[in-house]
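S.K.: Provided herewith is a single structure, encoded as structure tokens, for subsequent inquiry.
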Amino acid sequence: MTGLPGRRASDACREADLDELRRQEAALVASIPDTMVMEEKPGLRQTYILVRGDFRVKGEMVSAGVPRSLPPLPSEVPANRLALANPDAVPAGKYAKAALTALRVWDSVAGKIAAAETVRAALILVKRGEARLGVVYATDAKVEPGVVVVDTFPDNLHAPIVYPAALLTNASGDAAKVLDFLKSDAATKVFQAQGFTTVARK
């Protein structure tokens, strides 16, 4: 019985500590700013070209569509996204941006880009219907039965897409054999069957 007063004091300290922690928690929660979460509207918002000199006046209405230099979409699908690999980091995306820039349509499609981490991820967006058009390598499109190739960029619209192979100075004999195979007629047939074009051997 003599220990009860000490226990009551200890319990009171714990309660005070809990109250202080609850106060700190409430202050922390209150200090967290609200975060805006964006979600797509079910329909497209009507957009107009602003009239120079008086931006309050609505000019010609802008409708979703594909630049004239690209093939038209089927009438039954929405023209709202263009899937491609991240044009700031992924080679395939950089080639796509270069081609669209050369066609002078990049500025008009940049706001409709669905950027993916890889070119295969961009292909999947088209396959799933999350984007109605995509720019991918022909070799990737060839192995995906869920998509249809509607057009191909001319080679002169972007830098050459080349996959070089070379031996390091300290390469082993096995590595040399692999390189020899890659330069062989048998390997050339495999590459061409997958849609690749071989270049002159050195």
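The values are calculated or read from the model by the stated rules, or taken from the named source; none is laboratory data. Computed from a predicted model, the values in this text were never measured in an experiment. Don't worry about glycine lacking a Cβ; one is built from the backbone with ideal geometry, like all the others, and counts go over all protein chains shown.
S.K.: All but one of (1) in a loop (DSSP other than H, G, I, E, B); (2) surrounded by fewer than 17 Cβ atoms within 10 Å (Cβ to Cβ); (3) touching a Gly at 6+ places or on another chain (Cβ under 6 Å) hold for residue 139, so report the exception by its number.
M.R.: (1)
S.K.: Which ones in the range 90-126 are among the small types (Gly, Ala, Ser), assigned to a helix (DSSP H, G or I) and within 19 Å of residue 149 (Cβ to Cβ)? Explain how you work it out, then say what you get.
M.R.: Step one: filter the range 90-126 for residues among the small types (Gly, Ala, Ser), giving 92-93, 96, 98-99, 102, 108, 110-111, 114-116, 121-122.
Now narrow it down to the ones that are assigned to a helix (DSSP H, G or I): 92-93, 96, 98-99, 102, 108, 110-111, 121-122.
Within the range 90-126, 92, 93, 96, 99, 121, 122 qualify.
S.K.: Can you tell me which residue among 163, 95 is at pLDDT 90 or above and aromatic (Phe, Trp, Tyr)? Even if it seems obvious, please write down each step before you answer.
M.R.: Values: 163 fails: at pLDDT 90 or above.
Just a single option satisfies the conditions, and that option is 95.
S.K.: A further question follows. Do you know which residues across the range 148-189 are exposed (fewer than 12 other Cβ atoms within 10 Å of the Cβ) and in a helix (DSSP H, G or I)?
M.R.: Across the range 148-189, the qualifying residues are 155, 156, 173, 174, 176, 177, 180, 181, 185, 186, 189.
S.K.: Further question on the same structure: Just give me the residues in the range 122-178 being over 21 Å from residue 93 (Cβ atoms) and acidic (Asp, Glu), in sequence order.
M.R.: Within the range 122-178, 174 is the sole residue that qualifies.
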